[in-house]
Amino acid sequence: MVCQTVRSCVLNDQIEDDDLSEVEVMTLPLDAWHRARGGRMVEFAGYFMPVQYEGILAEHLWTRESAGLFDVSHMGQLFVSGEGVEAALEAVLPIDLSTLKLGSVRYSLLLDENGGILDDLMVSRWNEGFYLVVNGATKWDDIGTLREALPDEVTLNHLEDHALLALQGPKAFAALERLVSGEYPLSALTFMKGGRFVLGGADVWISRSGYTGEDGFEISVPNEAAVAVADLICAQPQVKPIGLGARDSLRLEAGLPLYGHDLSPDTDPVSAGLTFGINKRRRIEGGFPGADHVLKVLADGPATLRIGLALEGRQAAREGALVFAGETQVGRVCSGGFSPSLEHPIAMAYVDAAQAANGTALEIDLRGKRLPARVVPMPFVPHNYHR
Amino acid sequence: MTRYFTEDHEWIEVEGDAGTVGITDYAQSQLGDITYVDLPEAGAAVKKGDAPCVVDSVKAASDVYSPVSGTVSESNAALADAPELVNTDAETGGWLFRLTLSDAGELASLMDADGYAEFVKGL
């Protein structure tokens, strides 16, 4: 978020009448729950969502040292099933489902015919089909793309009757373990594994995954049980509710891209550093949207790359700032901000491949002032996954 | 000393032709944690409506407009090491810059404390 003025930033946090008249902002099951806990609600992806409670810095650091509960119910939860579902999904996504075991979760990409990124998503294998979690802002387009691409025998259900919570942080396991029951203990889940549990009397799907770089869980819960489950989790001494503001600074430190900022139809998976999202068999066989282009970039090497930049001082570079090597423009910042954990600004940028090596000294233009920046490996803050 | 406010959530306290500028407590509460303040140099000439100062919060960078025209006489050096003063003491120790007014008549278009309180209530 970049505000031109203090005033516009204040307004950003409110809904202007113009916006309301065009599209009605929707509410999610935990709306009143957030407001009662002092969450400052903003419009995000068409919904009212909490941007912060006590403050982004405090919430960010709390998540890194304890555990934070995030409401991510704006995201799209989809269930795809039916005869031939596996082949049908492989025709749409560059994923190898033959290596995705029951209960496993994998990162994948929805690509257009040119290999541009339409969305990034999580795919889990359930008994009866595949559970997909897609971005909130893109979910309606994704549903359209998928419905058009999938054959009639394959059914796509939008699980709008489910909320999605994320419990993230080094103490997330300790907080959640005592609350769940099921066929096996919560400790049976390692990173990117999921299963069915009972939590607060509700049947839930829990996966050990998230968007902060920390150990943690994502919990799909029926709407009518969302408040009770959120209350139960937040009653644990390790847990505080965390807003979208800290979610953004946490994922930035973790080097995780954000769709609409770091990924778009103008970026391909190789340049975006997401080659792992093109599974090995698919790199050989192709047969996914945009395969010709993506496999060519993979073979030839990308012209630009998404890299991490560490800045000196305290002034942050924001999305859109231009990156220079001497007098030559070599790239553009796609995400940037102050890192609460590192106490200096960090950024992600797309730069010419020749300037992408770790340690390369570059400069970022900020209103005519040049800020020195150095290419550094991502994640900026080490991941703390439970593998 | 008289204090005036703008619709852009700046305040200016004026004594004679000397003014001290900051952002309001309401503004800092909306911006959130301030991590950096880009301050103007002493001697810089500013016009009313110019943005000689940028306040960086975790979530955004925001221009601060000068409520009046004049010449910057001093910036708040304490903010270099403690930008959070803008959060904790927005309307006192977290002031941003001082300037010598070139046209005191420009103050007439600004709000007083009661007017600003009403303005905020209407947001």
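All of the numbers you see were taken from the coordinates with simple rules; none came from a lab. Owing to the predicted nature of the structure, the values given are computational and were not obtained by experimental measurement. Using ideal geometry, Cβ is built from the backbone for each residue, glycine included, and neighbour counts are taken over all protein chains shown.
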* To do: Could you go through segment A:250-255 in sequence order and give the Karplus-derived ³J(HN,Hα) for each residue, using 6.51 cos²θ - 1.76 cosθ + 1.60 with θ = phi - 60°, rounded to whole Hz, and x for Gly and Pro?
  => 5, 5, 5, 4, 7, x
* Sequence-distant or interchain residues sharing an amide H contact under 5 Å with A:Thr304, placed H: which? -> A:Ala353
* **Extreme residue, positive dipole direction of the protein assembly as shown, given options A:Gly103, A:Gly326, B:Ala77 (C-beta unit charges)** => A:Gly103
* **Charge context of A:Phe276, other residues only, Cβ under 11 angstrom, K/R +1, D/E -1** => +3
* Asked: Name the residues of segment A:33-52 whose amide N is less than 14 Å from a point 7 angstrom out from the Cα of A:Ile143 along the C-beta direction?
  -> A:46-47
* Taking DSSP loops as anything outside H, G, I, E and B, show the longest stretch in chain A free of GluC sites (Glu not before Pro) there with at most 12 other beta carbons within 10 Å. => A:184-311
* Size of charge dipole - the protein assembly as shown - debye, nearest 20, with Cβ of Lys, Arg +1 and Asp, Glu -1, no other charges -> 1980 debye
* Asked: Dipole magnitude of segment A:275-376 about its Cα centre, charges +1 at Lys/Arg Cβ and -1 at Asp/Glu Cβ only, in debye to the nearest 20?
  -> 240 debye
* Asked: Label B:Met1 and A:Asp203 with points 7 Å out from Cα along Cα→Cβ: what is the distance between them in nm?
  -> 6.7 nm
* Inter-chain shielding of B:33-45 (mean C-beta neighbours from other protein chains, 10 Å cut-off) -> 3
* How much length is gained if the chain between A:Asp266 and A:Ser98 is pulled fully straight, taking 0.36 nm per residue apart and subtracting their Cα-Cα distance, in nm to one decimal? -> 57.5 nm
* By count of other Cβ within 10 Å, fewest leading, how are A:His60, A:His158 ordered? -> A:His158, A:His60
* **Helix-only CD estimate at 222 nm, as mean residue ellipticity for chain B, using -39500 (n - 2.57) per DSSP H run (n ≥ 4)** => -4000 deg cm²/dmol
* Structure fact -> Which of A:Lys101/A:Lys296; A:Lys101/A:Lys193; A:Lys139/A:Lys171 exceed 21 Å between C-alpha atoms? The answer is A:Lys101/A:Lys296; A:Lys139/A:Lys171
* Whole-Hz Karplus ³J(HN,Hα) for segment B:105-121, in order, using 6.51 cos²θ - 1.76 cosθ + 1.60 and θ = phi - 60°, x for Gly and Pro? -> x, 5, 5, 4, 7, 8, 9, 8, 4, 5, x, 5, 4, 5, 4, 5, 4
* Asked: What is the local net charge at A:Tyr107, summed over the other residues whose Cβ is closer than 12 Å to its Cβ (Lys, Arg +1; Asp, Glu -1)?
  -> -1
* Within segment A:76-158: Cβ-based charge dipole about Cα centre, in debye rounded to nearest 20 (Lys, Arg +1; Asp, Glu -1) -> 380 debye
* Structure fact -> Filtered hits (aspartates and glutamates, Cα-Cα < 20 Å from B:Lys47, offset >= 8 within chain) -> B:Glu7, B:Asp8, B:Glu10, B:Glu13, B:Glu15, B:Asp17, B:Asp38, B:Asp63, B:Glu74, B:Asp103, B:Glu106
* What net charge is computed for the residues neighbouring B:Thr2, neighbours being all others with C-beta under 9 Å from the C-beta of B:Thr2, Lys and Arg scored +1, Asp and Glu -1? -> -2
* Which whole number gives the average, over all residues in B:58-71, of C-beta atoms from other chains lying within 10 Å of the residue C-beta? -> 6
* Structure fact -> Once normalised by the length of segment A:76-158, the mean sequence separation of its alpha carbon contacts under 8 Å that are 6 or more apart gives a contact order in percent of 42 percent
